[in-house]
Amino acid sequence: MRAFDELRKLEMFFRDEISRGFSIVELYELVQHAGNILPRMYLLCTVGSVYVKSKEAPAKDILKDLVEMCRGIQHPLRGLFLRSYLSQVSRDKLPDGGSDYEGDADTIADAVEFVLQNFTEMNKLWVRMQHQGPIREKEKREKERSELRDLVGKNLHVLSQIEGVDLEMYKDVVLPRVLEQVVNCKDELAQYYLMDCIIQVFPDEYHLQSLETLLNACPQLQPSVDLKTVLARLMERLSNYAGSSSDVLPEFFQVEAFMKLNSAIGKVIEAQEDMPVLGVVTLYASLLTFTLQVHPDRLDYVDQILGSAVKELSRREKLDDSKGTKQIIALLSSPLEKYKDIDVVLKLPNYPCIMEYLSDMTKKEMANIIIQNIMTNKTIISTAEKVDALLELIKGLIEDSGVDIHDELDDDFVEEQNSVARLIQMLHSDDHEEMFKIICTVRKHILTGGQKRLRYTIPPLIFSSLKLVRRLEGQDFGDSGDEVSVTPKKIFQIVAQTIESLASIPVPGLALGLYLQCAEAANDCDLEPVAYEFFTQAYILYEEEITDSKAQVTSIHLIIGTLQRMRVFGVENRDALTHKATGYAAKLLKKADQCRAVYACSHLFWLDDHDNIQDGERVLLCLKRALRIANASQQMANATRGGSGAAALFVEILNKYLYFYEKGVAQIGVESIRDLIELIRKEVPAAEGGDKGATAADGFFGSTLRYVEFQKEKGGGVGDKYKKLM
């Protein structure tokens, strides 16, 4: 570069000499008498540049003479730099159409011929570099060659900048000559680089119109040339060109670009039998991207590409996670990203076939992408057939792989299963029979998930089933219920069998909650036997499986809350269930838990909107029993800690008394409430000395008393009631 800078100064000196009257022709001959050939050629090129600019001779003649004279330097490295200098000084002096140096006819052809000739000679010198010097320095020479490649590539850039090179000249002259040199040089580095240069420097329109010529050269290249990258870049450029404007799409249809690219890829893969899986997948992924851009409506083309990929994958080893994963995911993701609809992808017969060649980890990754696509686009899958096909696609997340349970219970695994759970909620049909088929299909798939997955996938399936049950509410199935394909009873049978499968995990708390949800749904459908059976199963789980005291507390409150909302039971069934629930409440381990569960049971005997369930005696019995338990808890606290651990319990029971008093339960008398208030006033001051529980109880009690005062000030019937208390 420093030498070229100095030569520019020399060129300015020569121009000054010419302006003073020195003959350029004599100067051109004079420099040819220099003793050494290399300085002579640099001088000749420099003077030749001034000669062309003087316009004393046709530019094409001078340039032709220069390019021929440069043959005198056959040393590869020196020859490359000399011809690079010639290319640099002549770039703005080519006899191009519209330039200052345009001569007679065919001047553009002369300019093209000059650049092509210089390019050909430079490429030959560049290729010959590998044979210079000892074998042990081959690696060093290859590195040097790689660094010098831009010197050769600049010629192609110059060609692309010649205004007169139109499409016809490019197809008939430029491309065939360049490709001839590329193919004949039989050098891996040169072929890869020059093919890449051709793709990058010439316009997209030219590539499209000369596609067949360019593609025919590919199988003729050396087997070691990285053709997957070359073709991928070509298809990327054509895809971008197609996406730039809809007006250019007819050109693609006219030249049958897809057919030509597909055929070329097949020939390249056939010619390079040892092409790794990564290369094959990369080629088909690029072709698929191109097809989705140019022919988005041709699903047959998309499936044809996937089919070709399947055929090649079947002949090669299984995809390597580290190398093939990225490209196979790109291949499978392209249709999802383009159509944004899993329904379209499910119409491609070869799509699931490719999934079979993935490793377990890649299957999971692809399944996550599919689910994410459905979630993002809020796609509703509405037929059992499509659901079955979809679940087959994502079976990497659903099926048990046989790995030990402790190996997969990490955050990623949990998130994967939560994704599956969200997906189940997206499976929906307005047709009741079809929805029932969907539920059965999902059940068939998720029951293969093994212990570690069922706890995540069964709950959404149950709630999907209950949604369908509620849609069927109020319909009269009459005596022909057995002939109807979908009835609440049938759904409840499926649901019960599904919840039973959780027994193998075991997660009794989850199963109990699901049984109670089903009981409530059966209540809404007026199916008393079904609701009773679900409650029975929940009670069995409570008695046999739930042993942890905290879990028992949670479960009993869940049971009480659900039972309170039930309206379907007759007197006998309700009494049996209520009796059991109060029994469970009284047997909890901690006194405080016992007390809270027992006073919660009081709500089972008084329902505002149900005249048959308003038993004030049993309400009072529950509250008195809770008081006795609170007293016992207080005595234990005094004996062991010397504090007032049960003060809060008394306040809570007081609130229950006030609730039922306000509801009009006759058995809740004014005296009993007054006595309880007095008892609390004695207990709360006794709990001093920094006891946080007592402080909280004091605050709670104060709020309760303020509530009483507030009700008194209301006036009317409610106010009169509360005035009697204080």
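The values are calculated or read from the model by the stated rules, or taken from the named source; none is laboratory data. This is a predicted model, so every value here is computed, not measured. We place every Cβ from the backbone using ideal geometry, glycine too, and count neighbours over all the protein chains shown. Areas reflect the complete protein model, heavy atoms only, side chains present, ligands, DNA and RNA absent. Shrake-Rupley method; radii C 1.70, N 1.55, O 1.52, S 1.80 Å.
Residues are listed down the side, and each one gets a yes or a no for (1) exposed (fewer than 14 other Cβ atoms within 10 Å of the Cβ); (2) in contact with a helix residue (DSSP H, G or I) (Cβ under 6 Å, 6 or more places away or on another chain); (3) closer than 29 Å to GLU520 by Cβ; (4) in the same structural domain as SER314 (by the TED database):
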| position | (1), (2), (3), (4) |
| --- | --- |
| ALA367 | no, yes, no, no |
| ILE374 | no, yes, no, no |
| LYS395 | no, no, no, no |
| ASP412 | yes, no, no, no |
| ILE438 | no, yes, yes, no |
| PRO460 | no, yes, yes, no |
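Take ARG136 and decide whether it is over 44 Å from the mean Cα position of the chain (by Cα), open to solvent by less than 70 Å² (accessible area, probe 1.4 Å) and farther than 21 Å from CYS70 by Cα.
Criteria not met by ARG136.
Can you tell me how many residues in the stretch 175-205 are of a type in the set (Val, Ile, Thr) and within 15 Å of GLN220 (Cα to Cα)?
So the count comes out to 3.
Take SER359 and tell me if it is open to solvent by less than 10 Å² (accessible area, probe 1.4 Å), on the phi < 0 side of the Ramachandran plot, in contact (Cβ under 8 Å) with a residue 24 or more places away in the chain and among the polar types (S, T, N, Q).
no
Only one residue in ARG628, ARG706 is within 19 Å of CYS595 (Cβ to Cβ), assigned to a helix (DSSP H, G or I) and modelled with pLDDT of 90 or more, so which one is that?
When all the criteria are applied, what remains is ARG628.
The conditions are (1) open to solvent by 20 Å² or more (accessible area, probe 1.4 Å); (2) in a helix (DSSP H, G or I); (3) not hydroxyl-bearing (Ser, Thr, Tyr), and CYS45 fails exactly one of them. Which is it?
(1)
Which is touching a helix residue (DSSP H, G or I) at 6+ places or on another chain (Cβ under 6 Å), part of a helix (DSSP H, G or I) and within 27 Å of GLU56 (Cα to Cα), of LEU125, LEU82, LEU156?
Criteria check complete, one pass: LEU82.
Filter the stretch 210-244 for residues that are farther than 15 Å from ALA264 by Cα, open to solvent by less than 50 Å² (accessible area, probe 1.4 Å) and either of a type in the set (S, T, N, Q) or free of Cβ contacts under 8 Å to residues at least 24 places away in the same chain (or both) and give the result.
SER239
Does any residue of the stretch 257-269 turn out to be crowded, with 20+ Cβ neighbours inside 10 Å, in the same structural domain as TYR351 (by the TED database) and at pLDDT below 90?
Checking the stretch 257-269: at least one residue is crowded, with 20+ Cβ neighbours inside 10 Å, in the same structural domain as TYR351 (by the TED database) and at pLDDT below 90.
Within the stretch 503-515, how many residues turn out to be of a type in the set (A, V, I, L, M, F, W, C) and surrounded by fewer than 22 Cβ atoms within 10 Å (Cβ to Cβ)?
Count: 4.
Within the stretch 335-360, can you find the residues that are outside any helix (DSSP H, G or I) and aromatic (Phe, Trp, Tyr)?
Residue satisfying the conditions is TYR357 alone.
Does any residue of the stretch 657-667 turn out to be touching a strand residue (DSSP E or B) at 6+ places or on another chain (Cβ under 8 Å) and in a loop (DSSP other than H, G, I, E, B)?
Yes - at least one qualifying residue is present in the stretch 657-667.
Condition first: in a helix (DSSP H, G or I), over 53 Å from the mean Cα position of the chain (by Cα) and of a type in the set (A, V, I, L, M). Now tell me which residues in the stretch 69-79 satisfy that.
Matches in the stretch 69-79: MET69 only.
Restricting attention to the stretch 376-387, report how many residues are assigned to a helix (DSSP H, G or I) and buried (at least 19 other Cβ atoms within 10 Å of the Cβ).
The total comes to 2.
For the stretch 414-470, which residues satisfy the criterion of being closer than 18 Å to THR498 by Cα, polar (S, T, N, Q) and more than 23 Å from the chain's Cα centre (by Cα)?
THR441, THR448, GLN451, SER464, SER465, listed by residue number.
Looking for something more than 18 Å from ALA522 (Cβ to Cβ) and either touching a residue at least 60 places away in the same chain (Cβ under 8 Å) or in a loop (DSSP other than H, G, I, E, B) (or both) - is there at least one such residue anywhere in the stretch 564-585?
no
Pull up the stretch 539-548, narrow it to residues that are assigned to a helix (DSSP H, G or I) and open to solvent by less than 40 Å² (accessible area, probe 1.4 Å), then point me to the one that is farthest from TRP606 (Cα to Cα).
Residue satisfying both the conditions and the ranking: LEU541.
Looking at ALA551, ALA496, which one is closer than 19 Å to LEU461 by Cα, open to solvent by 20 Å² or more (accessible area, probe 1.4 Å) and of a type in the set (A, V, I, L, M)?
Result of the check over ALA551, ALA496: ALA496.
Within the stretch 284-318, how many residues are in a helix (DSSP H, G or I), open to solvent by 20 Å² or more (accessible area, probe 1.4 Å), closer than 15 Å to GLY243 by Cβ and not β-branched (Val, Ile, Thr)?
Selection size over the stretch 284-318: 2.
Please specify each residue of the stretch 388-404 satisfying the condition of being under 18 Å from LEU331 (Cα atoms) and not in a helix (DSSP H, G or I).
ILE394
When you check THR536 against the structure, is it among the polar types (S, T, N, Q) and either crowded, with 16+ Cβ neighbours inside 10 Å or assigned to a helix (DSSP H, G or I) (or both), yes or no?
Considered against the rule, which asks whether it is among the polar types (S, T, N, Q) and either crowded, with 16+ Cβ neighbours inside 10 Å or assigned to a helix (DSSP H, G or I) (or both), THR536 comes out as yes.
Does ARG149 satisfy the criteria of being open to solvent by less than 30 Å² (accessible area, probe 1.4 Å), more than 20 Å from ALA217 (Cα to Cα), within 43 Å of the chain's Cα centre (by Cα) and touching a residue at least 40 places away in the same chain (Cβ under 8 Å)?
So ARG149 fails the test.
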